[in-house]
Amino acid sequence: MPLIETQPDALAEVYARSLFELAEADGGRDHAEAILGELEDILELAREDRMFSEFLATRVIPSVSRDGSLVRILEGRADGLTLRFLRLLNRKGRLGHLPAIVEAYEDLVQAAFGRVEVDLFTAEAIDDATRRTFEAALRDRLGKEIILHTYTEPAMLGGVKLRIGDQLVDDSLASQLSRMRDRLTSEGASALRSRADRAIEDAG
């Protein structure tokens with residue numbers, strides 16, 4: 001069976017924390033971020049190639065055989081720590097947990113850089129101007145750099161839904177952003193920004 005996308009659990013968080021600490025000790029936060037990039041590339045390949053996904057997840061292949069294949073595939077192409085980590089997961093029979101581990105690891109990397117991942121759900125796709133407005137509002141509210149992922153859910157009757165990490169945001173923030181979306185729809189992003197500019201000038 002192929003890899004299954006699951007939310008991080010306690011086990012995934014333990015492995016992610018261990019990897020993050022090793023990467024940071026080995027080369028600082030930049031190294032930790034580079035490791036994240038490699039792991040995400042490996043997951044993306046697994047999503048696109050079912051055979052590779054099954055190679056990582058199946059228990060039919062003996063771990064010793066898979067270990068040799070991992071070395072042949074990744075040695076010289078991936079960071080040594082990335083390869084050692086994947087070989088460790090293979091020995092422990094945990095490669096099937098890789099999607100959850102990578103998600104937990106990503107949370108640690110983003111937190112280290114003062115970033116936060118936010119999923120924004122709307123009934124219709126939003127344009128770039130609206131996206132930037134949402135990002136600015138979230139940045140002001142959360143006090144962190146926002147990594148915004150947008151999704152459409154046509155079944156939604158209106159408003160917005162936000163998920164920060166693995167939690168839905170409180171109703172007050174969702175309501176504020178829903179009202180902002182409604183103003184953007186009725187007035188347009190440029191008009192809303194003009195109103196904001198005037199308010200700033202008046203305050204000064």
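Of note:
- Some residue of region 111-132 being of a type outside the set (V, I, T), within 30 Å of L83 (Cβ to Cβ), surrounded by 13 or more Cβ atoms within 10 Å (Cβ to Cβ) and modelled with pLDDT under 80: no
- The single condition among (1) farther than 19 Å from R87 by Cβ; (2) among the acidic types (D, E); (3) touching a residue at least 40 places away in the same chain (Cβ under 8 Å) that D26 does not satisfy is (1).
- Only a single criterion out of (1) among the aliphatic types (A, V, I, L, M); (2) out of contact with any Gly (no Cβ under 7 Å at 6 or more places or on another chain); (3) under 30 Å from L148 (Cα atoms) is not satisfied by A57, namely (2).
- Residue that is on the phi < 0 side of the Ramachandran plot and free of Cβ contacts under 8 Å to residues at least 24 places away in the same chain, where the choices are A123, A136, A112: A136
- For region 12-96, the helices (runs of 4 or more DSSP H) that sit wholly inside it and include 1 or more residues that are in the same structural domain as D107 (by TED's automatic domain parsing), surrounded by fewer than 18 Cβ atoms within 10 Å (Cβ to Cβ) and at pLDDT below 95 are 50-57, 63-74.
The values are calculated or read from the model by the stated rules, or taken from the named source; none is laboratory data. Given the structure is predicted, the values throughout are model-derived calculations rather than measurements. For neighbour counting, all protein chains shown are included, and Cβ atoms are generated from backbone atoms with ideal geometry for every residue, glycine included.
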